[in-house]
Amino acid sequence: MKKRITPVSEANSTAPHGAAARRGPFRVGDRVQLTDEKRRINTITLQNGGEFHTHKGVLPHEAIIGLPEGSVIENIDGFRYQALRPLAKDFVLSMPRGATVVYPKDAAQIVQFGDIFPGARVVEAGVGSGALSISLLRAVGDEGFLHSFERREEFADIARGNIATVFGGEHPSWQISIGDFQDKVVELEEPGSVDRVVLDMLSPWECLDAVATVLAPGGVWTNYVSSVTQMSRVVEAIRASGQFTEPECFETLVRGWHVDGLAVRPDHRMVAHTAFLITCRRLADSADGIPKAKRIKEHSYSSEDLSAWTRDHDEQQWSAEALGERGISDKKLRRASRDAHQAVRVREAQNSDADPES
């Protein structure tokens with residue numbers, strides 16, 4: 001008799017949410033990363049009766065289901081694969097997406113420099129496909145709270161599917177709201193009740209008053225922007241408000257290394273610029289910000305230049321197209337949404353079949 005596979009929901013009811021989906025033998029609905037002998041990687045979602053086809057032959061999903069993680073499996077033609085669950089960084093870079101994802105190297109810096117701690121109450125805007133939301137939920141844990149704001153329902157639907165796939169279902173610490181952040185957050189969050197704010201959007205300076213309202217004194221505000229012009233305008237707006245500490249700006253470059261015996265050298269390719277991160281902290285309401293000390297010198301820029309990153313600049317010019325971002329077709333969004341929910345549907349169907357009362 002075939003051994004019953006314990007559904008993820010029953011695997012460990014006392015473990016932090018999502019931990020059970022990362023442990024134990026492979027189950028129906030799991031995403032599995034298959035690495036062949038030439039280090040080529042393919043990711044599949046396990047299904048009853050499913051098969052993985054390549055020019056090297058067929059690998060039935062049944063040959064993987066029930067095996068421990070880290071197994072080496074042969075297909076029907078003897079071609080070998082190494083089977084592992086994808087790490088969070090692997091999932092983020094291969095998951096169904098509508099908007100461009102926050103790269104793992106930037107998500108790691110946001111969690112660290114944004115000081116996202118277990119139990120924190122965090123709000124974020126610009127959910128996209130849910131890449132950063134996954135890192136934030138893992139950081140705040142079951143005792144924390146992440147309130148995400150997204151303007152487009154299509155993106156929110158993709159994020160819901162991706163997050164449910166990673167955590168084996170809905171996360172109890174997550175809430176997503178549709179609408180403009182600067183309007184919705186002051187309606188749904190009490191003044192001074194938020195520990196951390198993370199914004200990934202075109203014009204975060206428009207949200208300055210809203211952030212100042214909901215962020216608790218000492219709380220950290222992190223901005224993720226792609227261009228120098230955005231970074232400059234955000235920093236100048238924060239300085240002008242007098243409600244925050246001096247902003248810190250940086251980017252993260254990651255370069256891998258090739259190591260093979262005595263042949264040790266940097267990789268020819270690297271993940272270079274993806275975005276700039278800007279962090280600052282909320283001052284108490286009664287405090288006056290201490291301006292950055294700087295030498296007085298002549299400026300060569302004109303008043304027109306200055307207006308480009310102050311509040312009197314035409315907001316219509318700050319668009320995704322003007323900043324060089326490509327649009328996303330409705331067809332691509334529908335496909336990404338379908339793919340994002342696939343693993344969730346498979347797992348729910350398997351759990352339903354395994355439940356004798358269903």
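The values are calculated or read from the model by the stated rules, or taken from the named source; none is laboratory data. Everything quoted here is computed from the prediction, not taken from an experiment. Heads up, the Cβs are rebuilt from the backbone with ideal geometry, glycines too, and the neighbour counts pull from every protein chain shown. In case anyone asks, the SASA skips ligands and DNA or RNA and just uses the protein heavy atoms, side chains included. Shrake-Rupley method; radii C 1.70, N 1.55, O 1.52, S 1.80 Å.
What does the charge count near R151 come to, summing +1 for each Lys or Arg and -1 for each Asp or Glu among other residues with Cβ under 11 Å from its Cβ? Provide the component values of the computation, followed by the final result.
Values: positive: R152, K184; negative: E150, E153, E154, D180, D183.
My count for the surroundings of R151 gives -3.
What number, in percent, do you get for the relative contact order of the range 143-193 if the mean sequence gap of Cα pairs under 8 Å and at least 6 apart is divided by its residue count? Working shown, then result.
Numbers: 45 pairs, mean separation 24.3, N = 51.
After rounding, I find 48 percent.
Of all alpha-carbon pairs in the range 131-261, indicate the percentage at a distance above 26 angstrom.
30
Rounded to the nearest whole Å³, what is the per residue volume of the convex hull around the Cα atoms of the range 194-275?
Enclosed volume per residue, from the Cα hull, is 123 Å³.
How do H341, H268 stack up against each other in accessible area, from largest to smallest, with a 1.4 angstrom probe?
Solvent-accessible surface, decreasing: H268, H341.
Would you compute, for the Cα atoms of the range 90-144, the largest minus smallest coordinate along each principal axis and list the three values in descending order, in whole Å?
29, 19, 18
If you plug each phi of the range 123-136 into the Karplus form 6.51 cos²θ - 1.76 cosθ + 1.60 with θ = phi - 60°, what whole-Hz ³J(HN,Hα) values come out, in order, with x for Gly and Pro?
10, 9, 9, x, 5, x, 9, x, 4, 5, 4, 4, 5, 5
Spelling out what I want: for every residue of the range 264-273, take phi, set θ = phi - 60°, compute 6.51 cos²θ - 1.76 cosθ + 1.60 (Karplus), and round to whole Hz; glycine and proline get x.
Here the 3J(HN,Hα) series is 10, 7, x, 5, 6, 10, 8, 8, 8, 6 Hz.
Using label points projected 7 Å from each Cα along Cα→Cβ, tell me how many nm separate F117 and D209, to one decimal.
My value for the distance between the label points is 3.2 nm.
Kirkwood hydrodynamic radius (Cα pairs, Å) of the range 34-139? Kindly include the intermediate steps, with their values, before the conclusion.
Details: mean 1/r = 0.0620 Å⁻¹.
Evaluated over the range 34-139, this radius sits at 16.1 Å.
Could you compute how much accessible surface T43 exposes when probed at 1.4 Å, giving the result in Å² to the nearest 10?
So the heavy atoms of T43 present about 50 Å² to solvent.
Note the direction-averaged projected area, equal to a quarter of the hull surface, for the Cα convex hull of the range 199-241, in nm².
Values: hull surface 11.6 nm².
The orientation-averaged projected area of the Cα hull of the range 199-241 comes to 2.9 nm².
In the neighborhood of F79, defined by Cβ-to-Cβ distances under 15 Å, what is the net charge if each Lys or Arg adds +1 and each Asp or Glu adds -1? List each step's numbers first, then the result.
Working: positive: K38, R39, R40, K56, R80; negative: D36, E37, E51, E74, D77.
Around F79, the surrounding residues sum to 0.
Taking R0 as 51 Å, what FRET efficiency do you get between K105 and I76 from their Cβ-Cβ distance, rounded to the nearest 0.05?
Here the calculated transfer efficiency is 0.85.
What are the extents of the Cα atoms of the range 78-179 along their three principal axes, in Å, largest first?
Here the spans come out as 51, 29, 24 Å, largest first.
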